[in-house]
Structure formats: structure tokens, C-alpha cells
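Have a look at the structure below, then the notes.
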């Protein structure tokens with residue numbers, strides 16, 4: 001079995017986590033510049049790699065995040081399992097600010113982002129009906145319970161382009177779809193993690209009621225920041241608990257997200273673009289190498 005390496009991507013309000021022997025490290029990617037250096041260390045003896053999605057100081061807006069470089073450097077750092085911490089708005093009365101939601105589905109409404117490592121010269125199609133690894137989700141849920149953090153398992157996350165928040169009509173539309181939360185960052189992140197064969201799980205941290213709630217009105221950034229600080233404290237406790245209980249050997253994913261490329265490559269070997277293949281070494285080397 002492969003030794004487990006836990007990856008953490010920190011969203012708005014989570015720009016670092018407590019680790020032993022921690023150091024910031026630059027990892028080059030052929031896909032461009034990632035959001036920041038990665039922070040390597042150990043928590044309860046488990047290797048952990050942390051990356052702030054927006055960069056330290058919140059530099060990158062959702063659309064300008066280089067998601068491909070972010071996932072590529074996590075893969076190059078040896079990450080086997082990736083927990084995404086993400087600030088979101090709630091689309092349901094029963095999911096108030098402060099609730100953590102373990103979403104299991106996504107609706108991708110983004111339109112201005114690169115969404116795949118594959119393309120002309122090496123076409124790949126990965127299965128994505130179930131975008132979250134249930135084994136990893138089980139581990140995170142047990143950690144939430146152990147820490148006494150209010151949470152809900154399962155739900156659908158609408159990923160909008162941003163950076164503006166929803167109109168009232170949009171918010172009402174997403175509610176009519178039965179979606180649970182809305183945010184701007186988990187796509188194409190989740191899709192790219194699947195292409196990289198990294199088990200993936202989202203912890204969606206509710207900061208507000210989006211714009212649909214009559215009593216709360218439109219999103220107020222000052223109020224969001226107040227809730228975000230409390231969520232950040234809970235998120236850091238959660239990461240510590242996850243690491244404490246995490247298996248030291250990577251356990252095979254029940255839905256084979258860690259083997260997603262087994263039958264994904266469509267392009268005939270003699271037609272593959274060597275330049276693209278070079279860029280894909282870390283992501284797909286397991287199936288592309290002779």
C-alpha cells in the first residue's frame with residue numbers, strides 16, 4: 001500500500017494550519033504558478049501538505065485561481081487524499097451560518113476556467129458521477145462528530161463563477177433545484193483532483209444565507225467575515241482531529257477515484273502530443289508511461 005499524505009486546501013479565512021516541522025516550499029508546475037507555496041509538515045505524525053487556495057493575504061479571486069497548477073503541485077507533493085475547506089452560502093433554512101456541510105454533489109455553473117489537464121493531443125475522460133470519495137468523507141464526518149462541530153452530511157454545492165454574489169432571482173432558482181449551498185471555488189478543483197487520481201472531499205463552511213433569505217437580505221461581507229473567523233477556528237480543530245485519526249496507509253477508494261485513469265485515455269499512443277505528455281507526467285504518468 002501507499003503511505004498516506006493528507007492534503008488540505010484552505011479557502012477564504014483559512015490561510016494556514018498548525019503543523020509540526022512546518023516549512024513553506026516552492027514546487028514548480030508546468031501548468032503555471034499555483035496560488036502559493038505549499039506548507040509541508042506533520043500533524044500527529046501524519047504527513048500533511050497545505051495550500052491556501054487564494055494565496056496568503058487572499059490575492060486571487062475565484063476565476064483567477066490556477067486550479068490546474070494547484071492540483072498538480074499537490075500531486076507532486078505526494079498527496080493521496082485531499083480535503084477542501086470552502087466558505088459557502090446556504091440555500092436552505094436548516095443550514096444556518098456556522099454549519100459545516102459534507103457535500104456529495106456539485107452543479108458546475110462556472111464558464112471562464114480551464115477545467116481539464118487533458119485536451120488536443122491526449123484526450124481523457126474520467127468518471128465523475130460521484131465526485132466525492134465516500135471513504136474520505138467517512139473519516140471527515142467522524143472527526144466533525146468528535147469535535148462537536150455542527151454539520152450535515154450530503155447535499156449539492158452550486159459553483160458559480162463570481163466574484164459577485166447571486167442576484168435574488170439566481171438564489172431562488174438554485175433553491176428550486178434543491179441545492180444546499182453555493183460557492184465559487186470547488187469547480188474545477190474537484191474535477192481536476194479526479195483526473196489526478198486524488199481522493200477528494202469538500203467541507204463547505206456556511207457563512208451566510210446567500211441572497212434569498214427575507215430576514216437576512218443580501219450578503220453582507222462584514223457579517224460574513226465575523227462568521228468566517230469562527231469557522232476558521234473550527235476548521236483548524238477539524239484538521240487536527242482528521243490527522244489524528246487518519247490511516248497511515250492510503251486505503252483504496254470505494255469508488256476508485258484513485259484509479260480514475262485506468263480506462264480514461266482515448267488518444268492512440270502514436271497520436272499523443274509529446275509536449276502535453278510531458279506536462280502530464282505527474283498527473284497521469286501512471287497510465288501514460290511506457
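Throughout, read-outs are computed from the coordinates displayed, never taken from laboratory work. Everything numeric in this text was worked out from a predicted model, so none of it was measured.
Under 1.5 on a/c is rounded, so check that first for region 18-65, then, if it is not, pick prolate when a/b is larger than b/c and oblate when it is not; a ≥ b ≥ c are the square roots of the alpha carbon gyration tensor eigenvalues.
The shape class here is prolate.
I'd like the antiparallel share, as a percent to the nearest 5, of DSSP beta bridges with both residues in the chain.
35 percent
When the helices in the chain are scored as -39500 (n - 2.57) per DSSP H run of 4 or longer and the sum is shared across all residues, what 222 nm value do you end up with, to the nearest 500 deg cm²/dmol?
-8500 deg cm²/dmol
Against the longest principal axis of the chain, how steep is helix 221-245, in degrees 0 to 90 to the nearest 10, with axes from Cα atoms?
50 degrees
For the Cα atoms of the chain, what angle does the longest principal axis make with the long axis of helix 67-76, in degrees from 0 to 90, nearest 10?
60 degrees
Normalized C-alpha radius of gyration of region 193-290, against 2.2 N^0.38 Å?
1.66
Report the Cα-based extents of the chain along its three principal axes, largest first, to the nearest Å.
For the chain, the Cα extents along the three principal axes come out at 61, 42, 34 Å.
Over all pairs of distinct alpha carbons, what does the Kirkwood formula give as the hydrodynamic radius of region 1-150, in Å?
Over region 1-150, the inverse of the mean reciprocal pair distance is 17.0 Å.
What residue among 176, 35, 12 has the largest mean-square fluctuation in a Gaussian network model of the chain, using Cα springs under 10 Å?
Highest fluctuation of the listed residues: 176.
List the relative contact order of the chain as a percent without decimals, with contacts defined as Cα pairs under 8 Å and 6+ residues apart.
The value is 26 percent.
Pairing the Cα long axis of helix 134-147 with the longest principal axis of the chain, what angle in degrees results, from 0 to 90 and rounded to the nearest 10?
Approximately 40 degrees, to the nearest 10.
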